[in-house]
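Visitor: Quick one: structure below, then a few questions.
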Amino acid sequence: MTTEGDLLWQPSQEWINETNMADYMKWLKTEKKIDVKTYQELWEWSVNGPESFWASLWDYFDIQTSTAYEQVMSDDPMPATQWFPGARLNYAEHVFRNMKDDGEAIIHASELRVQDSMTWDELHRQTAAFANTLKQIGVEQGDRVVAYVSNIPEAVVAFLGCASIGAIWSSCSPEFGSRSVVDRFKQIEPKVMVTVDGYRFAGKDYDRMSVIREIQQAIPSLEHTIVVPYLKSQPNIKALKNAMFWDDMLATYASDTLSFTHVPFDQPLWILYSSGTTGIPKAIVQSQGGILLEHLKALTLHSDLKNDDRFFWYTTTGWMMWNLLVGGLLTGSSIVLYDGSPNDPDLNAMWQFVEDAGITVFGTSAGYLTACMKAGLEPGKTFDLSRLKSIGSTGSPLPPEGFSWVYENVKQDLALGSVSGGTDMCTAFILNCPILPVHAGELQCRGLGCAVEAYDDDGQSLFENIGELVITQPMPSMPIYFWHDPDGERYQDSYFDVYPGIWRHGDYIKITSRGSCVIYGRSDATINRGGVRMGTSEIYRVVEGLSEVTDSLIVDVKQSQGRSFMPLFVTLEDQTELDDALKGKIKQNIKDGCSPRHIPNEIYAVDDIPRTINGKKLEVPVKRILSGVPANKAANKGSMQNPEILDIFIQLAEQWQKEFKNA
């Protein structure tokens, strides 16, 4: 029986010597006279002297600029810290400095397309055409380009073309319903949208042409739409406004020249979205320079990507892991894309893809690994995984038995890195490290430059105890601002409202005496299912838009072995019954308006929804009660409007514990 902390893998000295992390440590000693012997010493130096650390990365990665920086960082506290003022650079330029004559930049496959590849030359040619398209139709530096696209090469081309001219990128997965897309895109007023006509998931086709029309009608700033014929060879785009096909765009605006607009370090690169429990999704703006430096650090040093690697992470374009995956191109690695269900036709599909695509670094979710474990799969015996050198896991904590399953059934000599971070900075704070051992249930280390601590309610640091994950020093990839948040109030409320001047991320964490970490899940209420991250407020909009429903609450309750159960609680109009027909209607609305992955496992009718005196829904306390936490520890009844309603959830938790125990 594997328990938390059991040693499962130790890198050999030969392995360590060949890592990028070891190379960086040697470089520090030679070039900067910084002599560190262990990763812990290196991490301590990186957070105690952030100016020296980030300046060293600038030199180590040979960041190319047209003007020099004046200083590394200003003295302004988070979140007002200014990074590398004076420097002008371009993210896309750093991608294409890795071009190899006929080398493969992208390997890709999907349920609609057989496995194929795109060379660096072809990526360069198409990016130049897309960048030229944007210029010809009037897109300028700072304008927004949005994408409603699948995880396919066209998405990467469009992003790089956008970044090359200094425009701002934002994307959503086509699984999102029209309301979720409009809530995101409308607030940033895009000029251009790239979209697929539809997609296939688990063998079923989903036509999105009607959704595209709804998006166009709801966003008056959209001037042009470029359609990728993905589901059908010739979709009918006549009903769309100012629309052209992708291939016509490439032919019409073909260009042999890809130039790069150098922009200030803090020029926006893209906009990501994260939702809480109220309001529309937060539009999080991150900078060209901040993302460039952070992704070079995380992917080169922590993920150990080299120019002969093939880097894959199962993701959609609506999750920050897609942005991180594209960042693999910064290292000279080939990136690997897959669009479709990871379980089609069965759980072996992704392991077959690892073999077929020659993947060396395989990123997936804890849920997928535990599902493979429960199904009794033995990929190491079934497939040729000889090229696979590491596995990354994120999305939720990987249980100790999930760690041991990997080493027993996938590969013994393998770096398994469970990581944790967030959309908010588009990176992980708790990372893998190729020179450290792997212990069951533990994340190997706090990332370089990530001053992560566990805080108690009084803001005191904890070790070997669970606390709130906080970050005490600024990082370059922190949001430069939220869109339409001119005074920064929403930004402050999102991260700095609990511990003034300290970033509170919303995870529960334990930091061990050896520097490893254990994550115990979110302390907020955003729900991530299968790579599609959805704020509860978006689900509430759809559910409570029904005339029969007056209020609602949804939580995602983690169970053993990586499973989860997502119940939806609703209050109904008088004389309304929660029959099968209404349940079906609610589920269909969530599927159409939000995503198919956020259909609840069960729907319950309740008399009232628990709320604070200020009217906020008690999602986290309800989640904790349903997870087995005693009610007096999970919620403060004195701060509630209706404390008596918690009895319903207490009774349900007791019922669940019996059912799960006997299951």
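Visitor: To make sure I understand the rule: partners must be lysines, Cα under 19 Å from the Cα of Lys29, and not fewer than 8 residues away in the same chain. Which ones qualify?
Guide: Those lysines meeting the cut-off are Lys37, Lys297.
Visitor: When the convex hull of the Cα atoms of the chain is projected onto a plane and the area is averaged over all directions, what value comes out in nm²?
Guide: The directionally averaged projection comes out at 28.6 nm².
Visitor: Using the basic label-point model (7 angstrom from Cα toward the beta carbon), what is the Gln40 to Arg97 distance in nanometres?
Guide: 3.6
Visitor: A follow-up question, please. Just the accessible area per residue of the chain, please: how many Å² with a 1.4 Å probe?
Guide: Each residue of the chain exposes 38 Å² on average to a 1.4 Å probe.
Visitor: At q = 0.19 Å⁻¹, what log₁₀ I(q)/I(0) does the stretch 13-143 have when each alpha carbon counts as one equal point scatterer in the Debye sum?
Guide: -1.15
Visitor: Using the Karplus equation 6.51 cos²θ - 1.76 cosθ + 1.60 (θ = phi - 60°), what ³J(HN,Hα) coupling, rounded to whole Hz, does each residue of the stretch 477-490 give in order, writing x for Gly and Pro?
Guide: 8, 4, x, 7, 5, 9, 5, 6, 9, x, 9, x, 5, 5
Visitor: Give me the percent of Cα-Cα pairs in the stretch 69-190 that sit more than 21 Å apart, rounded to a whole number.
Guide: It works out to 54 percent of all Cα pairs.
Visitor: Also, I was wondering about something else. Express the C-alpha Rg of the stretch 439-487 as a ratio against the empirical globular expectation 2.2 N^0.38 Å, rounded to two decimals.
Guide: 1.49
Visitor: Can you give me the three principal axis dimensions of the stretch 322-375 from its C-alpha atoms, in Å, biggest first?
Guide: 36, 21, 18
Visitor: Could you calculate the contour length gain from Gln641 to Asp116, that is, 0.36 nm times the residue separation minus the distance between their Cα atoms, to one decimal place in nm?
Guide: 183.2 nm
Visitor: List the lysines whose Cα lies under 18 Å from the Cα of Lys617, skipping any in the same chain that are fewer than 8 positions away.
Guide: Lys617 reaches Lys633, Lys637.
Visitor: Amide H of Trp503: which non-local residues (sequence gap of 5 or more, or other chain) have their own amide H closer than 5 Å, using H built in the peptide plane?
Guide: Hits under the 5 Å cutoff: Ile471.
Visitor: While we're looking at this one, here's another question. Computing the accessible area with a 1.4 Å probe over protein heavy atoms, can you report the carbon and sulfur percentage for the stretch 123-238?
Guide: Here carbon and sulfur together make up 42 percent of the probe-accessible area.
Visitor: From zero up to wherever the largest Cα-Cα distance of the stretch 415-547 sits, split into 5 Å bins and tell me the percent of pairs in each.
Guide: Final binned percentages: 2, 9, 17, 21, 19, 14, 9, 5, 3, 1, 0, 0.
Visitor: To continue, here is another question. Relative to a virtual label point 7 Å from the Cα of Ala254 in the Cα→beta-carbon direction, which members of the stretch 66-105 show backbone nitrogen distances below 20 Å?
Guide: 102
Visitor: List the residues, sorted by chain then number, that are 5 or more residues from Asp309 or on another chain and whose placed amide H is less than 5 Å from its amide H.
Guide: Answer set, sorted by chain and number: Ser334.
Visitor: Hey, another quick one. Step through the residues of the stretch 435-447 one at a time and calculate ³J(HN,Hα) from phi using the Karplus curve (6.51 cos²θ - 1.76 cosθ + 1.60, θ = phi - 60°), rounding each to whole Hz and writing x for Gly and Pro.
Guide: 9, 10, x, 10, 10, 4, x, 10, 8, 4, 6, 7, x
Visitor: Just name one of Gly449, Gln352, Met321: the one whose Cα is farthest towards the positive end of the charge dipole of the chain (beta-carbon charges, Lys/Arg +1, Asp/Glu -1).
Guide: Gln352
The values are calculated or read from the model by the stated rules, or taken from the named source; none is laboratory data. Values in this document were obtained by computation on a predicted structure and should not be read as measured data. Neighbour counts run over all protein chains shown; Cβ positions are idealised from the backbone, glycine included. With ligands, DNA and RNA removed, areas are computed over all heavy atoms of the protein, side chains included. Shrake-Rupley method; radii C 1.70, N 1.55, O 1.52, S 1.80 Å.
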